[in-house]
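Here the structure is laid out as structure tokens; the discussion comes afterwards.
The values are calculated or read from the model by the stated rules, or taken from the named source; none is laboratory data. Values in this document were obtained by computation on a predicted structure and should not be read as measured data. Cβ: placed from backbone, ideal geometry, glycine included. Neighbour counts: every protein chain shown.
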């Protein structure tokens, strides 16, 4: 028999129900052996024998329903009475059937506990001493008392052993519960780490900062399950920008990051580049960490190339909500997030270099062409007007020849700023090429576009530019042409042709004018 199977057999035999029927069998066998081999006996012994059979059958029926300590205690009590009466009828007051006490008493102590076991031992001792009361004055007295004492000692010993076994079992089950809980937590953490590693590849593939922030918020909400979370980007030595957050399970990404100051624990975190985990936020003096309802806090830096570029923090309304494993997982996510955010920022800068004019910081001709095509399609779809303004500096070549190209660059930069100051946020200003500029005006009729053009013209005319050696003050003017969709054209090419025509018209009429066709 294999060790596992042998262990299983003993485990089954140790159960109270099997021991109960084992003792029933031993008592029944004792009756049979006595009836077969006893030379003479009182015929009345058949009464307890028949009672044993009937009682065993009743116990067999009731055992399926009446399980538990009380049932076994009552059967042990009946067994003691049955053994005592049988022993008296058998005529052997100090032996024979009375030895069965030593089976019933330990069984009672085993299934019911030490106190019920001692109670059974006390009753058995009383029964035994009562039956042998006539012998107490003679030499067998010590034997009777020793057997009674032995029954009490046996019940106490079994009760103590059983109590210790139950205590050990309870402790062992408690250890198993803790082990199962730790195993479950470990499996959950392992699954979270694997999911975050897999998702990190997706993060690295996203080159748009808004998409990166969205993905981070999704990971925190769906995988980590945090109900309070914020992600910040460092925007200065003592300042940061909030990119997105989760409040009470609701996530929000900010198109325009919210500015904030770097203070307290968060400043220490950035300086040390080490995570911060607070078990009880109520003990903290930092008001940022002791917001209403917040009881525990965890923050980790976003490190890229050995430098903190931002930080993430999570909080909870439950004290001690974040464990060592949570900090490790959070740090892994912060590392992946730092790399993804930095890649997105670099991509954004690269994109800006390809669409922004380096000198004036306005969009370049490449962006203008693409944007104009997009706005024309939108104007067609929603049947709305669209206007463009073309701007050209008057006498710019003469200015360059007189004051030099560096001064000419200053003129271009000054004009770019005056254009920005004169238009709306929805309008798009671009450097078309050389000394020419263009402005796209979505949802703008021709009359409104001419008003904006006139505002640009006046603002430029009213300004002055001082030469580098401060020896001369120069005033410049511009000529502007206006074209509008759909009356001047329904395609970008047609609109550009018409706005060029309007610009040449302004030049031909004496410059420093706004004209349309």
Of (1) surrounded by 17 or more Cβ atoms within 10 Å (Cβ to Cβ); (2) in contact with a helix residue (DSSP H, G or I) (Cβ under 6 Å, 6 or more places away or on another chain), residue 325 satisfies all except one. Which?
-> (1)
Residue within segment 37-52 that is closer than 21 Å to residue 26 by Cβ, under 60 Å from the mean Cα position of the chain (by Cα) and at pLDDT 75 or above present | no
Identity of the residue in segment 346-384, without any contact (Cβ under 8 Å) to a residue 12 or more places away in the chain and outside any helix (DSSP H, G or I), that ends up surrounded by the most Cβ atoms within 10 Å (Cβ to Cβ) | 356
Considering segment 89-121, residues that are more than 27 Å from residue 18 (Cβ to Cβ) and part of a helix (DSSP H, G or I), and then whichever is modelled with the highest pLDDT, we arrive at 89
Which condition number in (1) closer than 17 Å to residue 229 by Cα; (2) assigned to a strand (DSSP E or B); (3) over 14 Å from the mean Cα position of the chain (by Cα) is the one that residue 335 fails?
-> (2)
Test residue 82 against the stated conditions and say whether it is modelled with pLDDT of 75 or more, out of contact with any strand residue (DSSP E or B) (no Cβ under 6 Å at 6 or more places or on another chain), assigned to a helix (DSSP H, G or I) and surrounded by 15 or more Cβ atoms within 10 Å (Cβ to Cβ).
-> yes
Given the conditions (1) under 30 Å from residue 437 (Cα atoms); (2) in a loop (DSSP other than H, G, I, E, B), every one holds for residue 319 apart from (1)
Hey, can you tell me all the residues within segment 297-314 that are at pLDDT below 90 and within 11 Å of residue 281 (Cβ to Cβ)?
-> 297
Mind listing just one residue for me: the one in segment 270-287 that is under 20 Å from the mean Cα position of the chain (by Cα) and not in a loop (DSSP other than H, G, I, E, B) and, of those, modelled with the lowest pLDDT?
-> 281
Segment 385-403 - residue that is in a helix (DSSP H, G or I) and touching a strand residue (DSSP E or B) at 6+ places or on another chain (Cβ under 8 Å) and, of those, farthest from residue 422 (Cα to Cα) = 403
Search result, residues across segment 236-259 that are surrounded by 15 or more Cβ atoms within 10 Å (Cβ to Cβ) and out of contact with any helix residue (DSSP H, G or I) (no Cβ under 9 Å at 6 or more places or on another chain) | 241, 242, 257
List, please: which pairs have Cβ atoms under 9 Å, are six or more places apart or on different chains, and start with a residue in segment 313-337 that is at positive phi and end with one that is surrounded by fewer than 18 Cβ atoms within 10 Å (Cβ to Cβ) and in a loop (DSSP other than H, G, I, E, B)?
-> 320/279; 320/280; 320/295
Only one residue in 482, 460 is more than 56 Å from the chain's Cα centre (by Cα), closer than 25 Å to residue 366 by Cα and not in a loop (DSSP other than H, G, I, E, B), so which one is that?
-> 482
Determine whether segment 490-500 contains at least one residue that is touching a strand residue (DSSP E or B) at 6+ places or on another chain (Cβ under 9 Å), over 16 Å from residue 379 (Cβ atoms) and surrounded by fewer than 16 Cβ atoms within 10 Å (Cβ to Cβ).
-> yes
So which residues in segment 508-517 are crowded, with 16+ Cβ neighbours inside 10 Å and touching a residue at least 40 places away in the same chain (Cβ under 8 Å)?
-> 512, 513, 514, 516
Identity of the residue in segment 234-269, assigned to a loop (DSSP other than H, G, I, E, B) and either more than 18 Å from residue 302 (Cα to Cα) or modelled with pLDDT of 90 or more (or both), that ends up nearest to the chain's Cα centre (by Cα) = 249
Tally, over segment 429-441, of residues that are surrounded by fewer than 19 Cβ atoms within 10 Å (Cβ to Cβ) and either closer than 30 Å to residue 470 by Cβ or at pLDDT 95 or above (or both) = 2
Within segment 447-478, can you find the residues that are in contact (Cβ under 8 Å) with a residue 60 or more places away in the chain and surrounded by fewer than 18 Cβ atoms within 10 Å (Cβ to Cβ)?
-> 448, 454, 467, 468, 472, 474, 477
